[in-house]
Each structure stands twice: as structure tokens, then as C-alpha cells.
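A short write-up of the structure that comes next.
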Amino acid sequence: MSDQAHAEHDFDALTPLVVLDALESVGLAVDGRLTALSSYENRVYQVMLDDDTALVAKFYRPHRWTDAQIQEEHSFAAELMGEEIPVVGPLLLNSQSLHHALGFAFSVSPRRGGRSPELDDAEVLAWIGRFIARIHNVGAKQAFQARPALNTQTFGMDSRDWLLQHKQIPLDQEAAWLEVCNQALELVQRGFDSTPALQLRLHGDCHPGNILWTPTDRPEGGPHFVDLDDARTGPAIQDLWMLASGDRAQRSRQLGLLIDGYEEMREFDRREMALIEPLRTLRLIHYSAWLARRQDDPSFQQNFPWFGTSDYWAGQVHMLVEQCEAMQEPALIV
């Protein structure tokens with residue numbers, strides 16, 4: 001994975017005409033109607049065809065994933081769909097799912113509507129839990145060869161080191177941030193060392209925004225999992241913990257319902273509950289580096305005008321202090 005800042009704005013070249021020409025190059029009869037969808041990491045568009053049907057085109061951020069890593073994502077999605085798991089994966093066009101045109105890699109997927117799931121609903125949580133277990137049943141069958149793992153090194157230490165090497169932290173916050181970041185990473189690694197967890201292929205970024213819920217009175221009602229862009233190897237709890245929110249009691253209840261559904265399809269090792277706060281800490285550190293690496297993006301200031309200030313980094317120090325405390329508390333019980 002080579003997230004590097006670039007002097008040139010790669011997406012500047014992705015004009016609407018380039019998008020339409022790229023789609024035509026794979027045989028799609030586009031009619032010119034193009035709607036940009038909410039996405040920052042990649043560029044995603046709803047495109048209309050001459051027959052008035054809609055597809056979704058995803059143009060990958062250059063230099064982030066290799067073709068081999070993207071293809072592993074597509075192959076994983078195909079495996080899941082082959083098991084009738086409601087994952088929205090790319091279509092095969094000209095016998096391929098990954099295409100290249102005009103300097104960009106892209107894929108095309110069916111359009112799926114839906115809304116965020118009601119995560120206070122016990123039935124919804126159990127339903128989602130069952131499907132996540134089915135994703136993991138497939139994910140456990142083989143390993144990723146090209147896509148990275150989620151661990152202290154890849155998400156934590158590499159992110160810390162990149163931020164320091166590229167002088168992203170203001171001098172008035174650097175020493176405090178580095179001190180607490182190192183403390184946090186030591187606690188993260190201690191958590192991983194003391195908690196055995198099966199490593200399997202994951203969705204990787206299973207938060208409520210990546211689950212589309214459709215009314216259950218429809219033939220394909222229920223959850224649809226989208227955006228496997230962050231699929232990687234890691235512990236099962238990674239695909240569960242981001243679906244819980246609120247205070248400790250609320251999170252315990254939500255995770256309990258998710259795991260109840262999960263265990264209808266697959267055994268869950270409750271020792272992994274101890275990894276929730278370490279994983280949250282890694283996500284926090286990784287997110288700062290993710291933002292910093294993308295400051296050259298043409299739309300960065302519009303989307304993240306608050307990033308990089310002393311106040312931002314002071315807030316990160318405070319949150320890492322809180323995470324150090326949370327990682328030393330007893331794990332949630334479900």
C-alpha cells in the first residue's frame with residue numbers, strides 16, 4: 001500500500017468527459033447523465049444508460065492499491081455473492097471486473113438503494129450479525145495474498161512514523177502527541193499479544209454507512225453490504241465493534257445482539273471483546289495519517305477544513321489519553 005502525497009492532483013484529470021469515455025470503452029451505452037455520489041477516498045458516480053437503467057462507477061484513488069490488491073477485493077466480493085450474501089460487488093464487463101482507461105483504474109457495480117440500519121432494533125442487529133458471520137465463514141476459507149493485515153504495525157506504527165517523517169504535527173503539539181501515541185501503541189500491542197484471535201479476511205470497514213437497509217417486505221429486503229475497499233486480514237471483532245455506539249451499557253447490548261445473530265452461523269470467541277479499544281485506538285491514529293496523506297486532493301479543504309491545526313492535534317492528544325484509559329478498563333461483557 002503506497003499512500004503518498006503527490007504534488008499533482010491525480011483526480012484533477014478525472015473530468016466528466018473522461019468518466020464517460022472510460023465507461024464507453026468497456027461497452028456501456030452511457031447517455032451523458034452523471035451524478036457524483038458521496039465519496040472522498042475514491043470518486044464514485046451514478047451513471048445512466050440509454051435504456052434508463054443506472055449503474056455505479058468507482059474510479060480508484062491512484063497510488064493507493066495495486067491492481068493485485070484491488071483484484072483480491074473483487075474476488076472476495078465474488079466469493080461472497082456466490083454464497084448469496086448480499087454484498088454489492090463489481091460487474092464483469094468483457095470478462096473483467098477491474099478496468100483501466102485514460103490513466104485510471106475503475107469498476108462498475110449495480111446500483112443499490114437503501115438507508116442506514118436501525119441499530120436500536122434487536123431484530124436488525126441479529127440479522128446483520130448473521131450476515132457478518134456468513135462473510136467470515138467465507139473469509140476464513142483462504143487468505144489474502146496481496147492485501148495487508150490490520151495490526152499494530154500497519155495501522156499504528158506506520159501511521160505514526162509517516163506523520164513524524166513528513167512533519168505533519170505542529171511543533172507545539174508534537175512532543176505531547178508522540179508521547180501519548182507511543183503509550184497507546186504499547187497498550188495496543190499488549191492487547192493483541194494477550195488476546196488470541198483467528199485472522200481472517202474481513203469487510204474491514206463495517207460501519208453503519210457501509211450497510212444499506214431496504215424494507216423487509218421487498219424480495220431482497222434487509223441489509224446490503226457495500227464498499228469492500230478496506231477489506232483486509234484481521235480479527236472478527238473488527239467487523240462488529242463499529243456497529244455499536246452510546247454508553248457502555250448500550251454498546252454491550254448492541255454487541256450482544258449482533259453476536260447472538262453471529263453465533264447462529266459461526267462461533268465467536270468472546271475473548272476478542274478485549275480488542276475493541278485497541279482497534280479503536282489504531283483507527284484513530286490511522287485516520288490522522290490518512291487525512292494527512294490526502295491534503296493534495298482538490299477537494300480536501302472543502303471536506304476537512306479543520307485538519308492540521310494545533311486545536312486538531314490537541315484534540316487528538318486528548319482522545320489518545322482517553323483511549324489509554326479505556327484500554328486498561330475491563331473489556332465489555334456480552
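A short reminder: the numbers here are calculations on the coordinates, not readings from a lab. Worth saying up front: this structure is predicted, and the values here are computed from it rather than measured. Ideal geometry is used to build each Cβ from the backbone, glycine not excepted, and the neighbour counts take in all protein chains shown.
Counted residue by residue at 0.36 nm each, then reduced by the alpha carbon distance between them, the extension gain from Asp31 to Asp247 reaches 72.8 nm. Comparing Asn182, Asn303, Asn151 in a Gaussian network model of the chain, where Cα atoms under 10 Å apart are tied by springs, the biggest mean-square fluctuation is seen for Asn303. Between Thr53 and Arg270, the simple label model (points 7 Å from Cα in the Cβ direction) yields a spacing of 4.8 nm. Contact order for the stretch 1-158, expressed relative to its length and based on alpha carbon pairs under 8 Å spaced 6+ residues apart, stands at 19 percent. Each of Cys181, Cys324, Cys206 was scored by other Cβ atoms within 10 Å of its Cβ. Arranged with the fewest first, they read Cys324, Cys206, Cys181.
Find the eigenvalues of the gyration tensor of the Cα atoms of the stretch 15-110, then list the square roots of 5 times those eigenvalues as equivalent ellipsoid semi-axes, largest first, in whole angstrom.
Numbers: eigenvalues 85, 54, 31 Å².
So the three semi-axes of the stretch 15-110 are 21, 16, 12 Å.
Helix-derived [θ] at 222 nm for the chain: sum -39500 (n - 2.57) over DSSP H runs of at least 4, divide by residue count, nearest 500? Intermediate results must be reported in sequence, preceding the final value.
Values: 9 runs with 130 residues, N = 334.
Calculated mean residue ellipticity at 222 nm is -12500 deg cm²/dmol.
Restricting the trypsin sites (Lys or Arg not before Pro) of the stretch 107-200 to loop positions (DSSP other than H, G, I, E, B) with no more than 12 neighbouring Cβ atoms within 10 Å leaves Lys141, Lys167. Going by neighbour counts of Cβ atoms within 10 Å, the residues Ser25, Ser288, Ser310 line up, fewest first, as Ser310, Ser25, Ser288. Considering only Glu73, Glu118, Glu263, the mean-square fluctuation computed in a Gaussian network model of the chain, springs between alpha carbons under 10 angstrom, is largest for Glu118. The Cβ shell under 11 Å around Ala146 holds other residues with a net charge of -1, Lys and Arg each +1, Asp and Glu each -1.
Based on C-alpha pairs under 8 angstrom that are at least 6 apart in sequence, the chain has a relative contact order of 21 percent.
Ellipsoid semi-axes for the stretch 122-327, based on the Cα gyration tensor and the rule √(5λ), read 31, 20, 17 Å when sorted largest first. Which of these, Thr66, Thr154, Thr15, has the largest mean-square fluctuation under a Gaussian network model of the chain (Cα springs below 10 Å)? Greatest mean-square fluctuation among the candidates belongs to Thr15.
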